[in-house]
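One structure below.
The values are calculated or read from the model by the stated rules, or taken from the named source; none is laboratory data. Since the model is a prediction, treat every value here as computed from it, not as a measurement. Here Cβ is always computed from backbone atoms with ideal geometry, including for glycine, and neighbour counts include all displayed protein chains.
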Amino acid sequence: MSVRILIGAQWGDEGKGKIVDILAAETDVVVRYQGGANAGHTLKFDGKTFVLHLIPSGIFHPHCECVIGNGVVIDPFTLIDEIEKVRAMGVDPAGRLKIAATAHVILPYHKALDKANELAKGEGKIGTTGRGIGPAYVSKTARRGVRMRDLLHPEALKAKIEEALVEVNQHLASLYGAPTFTAEELLPDLIEAGKTLTPYIIDATDHLHHALESHRNILLEGAQGSLLDVDHGTYPYVTSSSPTSGGACTGSGIPPLAVTNVMGISKAYCTRVGNGPFPTELHDALGEEIRRIGHEFGATTGRPRRTGWLDLVALRYASRVNGLSELVITKLDVLDTLEEVLVCTAYELDSAVITRFPVDCDELERVKPVYERFPGWKQSTVGITEWEQLPETAQTYIRFIEEYLKVPIRIVSTGPDRDETIILPA
Ligand code: IMP
C-alpha cells in the first residue's frame, strides 16, 4: 500500500497533471487537497489534450476513484461544466468522483471580490487568477463560508448567504464601488447546482479512512506549488492555501503517519505566473525562447509565464519544507537547443554568499543568483524513454540536481505525452 503526496516544488505549472496521470495506473484513489479552479492540470494522451481544473487527474483511468477533498474550494458551476466536458470525452465520472461535503464553495461574490481587490491594488496587485480563491478562503477562515453540504439544504443555505452578504456587499460597494449581490439572485442557480452534484457529495474523510483500512493505494495531488504556499511561499505573492505536503493532511483528513512517499515535481528550468520575486528570471531573448519552446502560457488564464533558470536554492528549500523522498524533473526537452544550461546554486545577498532561501520578499528581491554552468546537449531528447538514451551532458545535468538536493530522481519527462517519460528504478 502507498499513500503518496505529489507536490509542485516551484511556483506551480511543473507538470503535475501528466505525472498524476502516469502514477494513476498504479493508484486506486486520487485526491485533490487544496486550491480550486486556479489550477490547470494538463493531460495529453492518444493525441488528445485535456485541462482539468478541479477534477483529480486520475479521472481518465477507469479503475481510479477521484476525491475532491475538504481543503479544496469549489466553484460548483465550473465543476459541473468540467464533469460535462469529461463526459464528452466518453468518461462518466458517476460513481468514481467524490466531493467532500465539507469543502468550501466559491460563490460569485468571491470572484467579484477577487477582481475588485486586484483592481484596487493597481501596480501592487498579486496577479491572481481571478477565480475567487483568496476571498473563498477568507470566508472559510472567518467562519462565514458556505460548504458543499449546504448546497443540499436550501433554507440553511439562504440564511448563510444572507448573513455573508451583509459584509460582502459593504466591501464591494463602499471599498470598491462594485455591484452588490442579493441572496434571491444567487440562490436558484446554487440550489440547482446542489441537485446536480448531490450524487457526488459524501463524507470524504470517512471514505478515505475506509480506503486506508482496505490498503488501497492513494495519491494526494497538490495544485499550484510550494513557493506559492500561504505560509512557506513568497508571501504576499502566494495563493491562499497550503500546496505543501502538510496541506495534504489537513486538506484530506489523511494523517501524517499514513503517508509513505512525498514526490516533488520541478521543471528542468523555472517559471512563475503573476507577480512576486523570481531570482533566476531571464528578461532577455533566451527567456522568450524558453517561453516559446516550452509553451509557457497559463493553462487556466492563458497569461505568458515568466521564465528563468532552475533555482536549486529554492528547490532545496521546497524539498526541506515538504520532506521530499523522490523527485520528478519535467520538460527536459525544452532545453535541447541551448548552447549552455545554467543552474543557480547559491545567492549573493548584500555581498555575502548564502545558500538559504530567504522567504522575506524584500530580501529575495535583492538576491543575485550564483550559477553553475553546464554545456548544452544540443540534440533532441523529445520522447526518450530510456535513461541510457539521454545525451551524457543531459545526464550530468540531472545527476547534479540529484546530488545537490540529496533526493533521488524517479521520473524524467521528455515531452507532454503520457508515453514521453523515463522511469528510473527505485
Ligand atoms: P490565486 O491562487 O488565483 O489567488 O493567485 C495567487 C497567485 O498564485 C498568483 O500569482 C497566481 O498566478 C498564482 N497561481 C495560482 N494558481 C496557479 C497555478 O495553478 N499555477 C501557477 N500559478 C498559480
Consider SER57 carefully, then state whether it is away from the ligand (no atom under 16 Å from the Cβ) and small (Gly, Ala, Ser). no
Being out of contact with any Cys (no Cβ under 6 Å at 6 or more places or on another chain) and closer than 20 Å to GLU372 by Cβ is the filter here; which residues of the stretch 291-308 pass it? THR307
Scan the stretch 291-314 residue by residue and report those that are surrounded by 21 or more Cβ atoms within 10 Å (Cβ to Cβ), of a type outside the set (Phe, Trp, Tyr) and away from the ligand (no atom under 16 Å from the Cβ). LEU310, LEU312, VAL313
Of all residues in the stretch 108-131, which are part of a loop (DSSP other than H, G, I, E, B), touching a Phe, Trp or Tyr at 6+ places or on another chain (Cβ under 8 Å) and of a type outside the set (Val, Ile, Thr)? GLY127
Residues of the stretch 368-419 that turn out to be in a loop (DSSP other than H, G, I, E, B), in contact with a Leu (Cβ under 6 Å, 6 or more places away or on another chain) and of a type outside the set (A, V, I, L, M), as a count: 3
For the stretch 274-286, name all the residues that are away from the ligand (no atom under 12 Å from the Cβ) and crowded, with 19+ Cβ neighbours inside 10 Å. PRO279, THR280, LEU282
Hey, could you check the stretch 328-340 for residues that are part of a strand (DSSP E or B) and buried (at least 23 other Cβ atoms within 10 Å of the Cβ) and say which is farthest from the ligand (Cβ to nearest atom)? ILE329
Look through THR129, THR78 and report the one residue that is in the same structural domain as GLU162 (by TED's automatic domain parsing), within 15 Å of the ligand (Cβ to nearest atom) and of a type in the set (S, T, N, Q). THR129
Pick out, from the stretch 169-273, the strands (runs of 3 or more DSSP E) lying fully within it that include 1 or more residues that are in contact (Cβ under 8 Å) with a residue 60 or more places away in the chain, away from the ligand (no atom under 16 Å from the Cβ) and of a type outside the set (Ser, Thr, Tyr). 218-221, 261-267
Could you run through the stretch 8-32 and say how many residues are farther than 25 Å from LEU310 by Cβ and either within 14 Å of the ligand (Cβ to nearest atom) or among the small types (Gly, Ala, Ser) (or both)? 3
Scan the stretch 283-299 and report the pairs whose first residue is outside the structural domain of GLU14 (by TED's automatic domain parsing) and whose second residue is aliphatic (A, V, I, L, M) and in a helix (DSSP H, G or I), with Cβ atoms within less than 6 Å and a gap of 6+ or a chain change. ILE293/VAL334; GLY294/VAL334
Select from the stretch 402-418 the residues that are surrounded by 15 or more Cβ atoms within 10 Å (Cβ to Cβ) and either touching a helix residue (DSSP H, G or I) at 6+ places or on another chain (Cβ under 7 Å) or at positive phi (or both) and list them in ascending order. TYR404, LEU405, VAL407, ILE409, ILE411, VAL412, SER413, THR414, GLY415, PRO416, ARG418
Which one is surrounded by the most Cβ atoms within 10 Å (Cβ to Cβ) among residues in the stretch 27-44 that are within 16 Å of ASP419 (Cβ to Cβ) and more than 12 Å from the chain's Cα centre (by Cα)? LEU43
Would you confirm, using the coordinates I've provided, whether VAL343 is buried (at least 19 other Cβ atoms within 10 Å of the Cβ), over 15 Å from the mean Cα position of the chain (by Cα) and not in a helix (DSSP H, G or I)? yes
Just to be sure I understand, how many residues within the stretch 352-367 are free of Cβ contacts under 8 Å to residues at least 12 places away in the same chain and either loosely packed, with under 14 Cβ neighbours inside 10 Å or part of a strand (DSSP E or B) (or both)? 3
Please specify each residue of the stretch 4-57 satisfying the condition of being among the acidic types (Asp, Glu) and closer than 21 Å to LEU228 by Cα. ASP13, GLU14
Any residue in the stretch 11-29 that is outside the structural domain of GLY222 (by TED's automatic domain parsing) sitting within a Cβ distance under 7 Å of a residue that is part of a helix (DSSP H, G or I) and modelled with pLDDT of 95 or more? List the pairs, counting only those 6 or more apart or interchain. none
Determine if the stretch 46-59 includes at least one residue that is part of a loop (DSSP other than H, G, I, E, B), closer than 30 Å to LEU172 by Cβ and touching a strand residue (DSSP E or B) at 6+ places or on another chain (Cβ under 7 Å). yes
Any idea which residue in the stretch 68-102 is surrounded by the most Cβ atoms within 10 Å (Cβ to Cβ), counting only those that are touching a Cys at 6+ places or on another chain (Cβ under 8 Å) and assigned to a loop (DSSP other than H, G, I, E, B)? ARG96
Filtering the stretch 4-26 down to residues that are in a strand (DSSP E or B) and surrounded by 24 or more Cβ atoms within 10 Å (Cβ to Cβ) yields ILE5, LEU6, ILE7, GLY8
Given the structure, is ALA159 without any contact (Cβ under 8 Å) to a residue 60 or more places away in the chain and either loosely packed, with under 14 Cβ neighbours inside 10 Å or touching a helix residue (DSSP H, G or I) at 6+ places or on another chain (Cβ under 8 Å) (or both)? yes
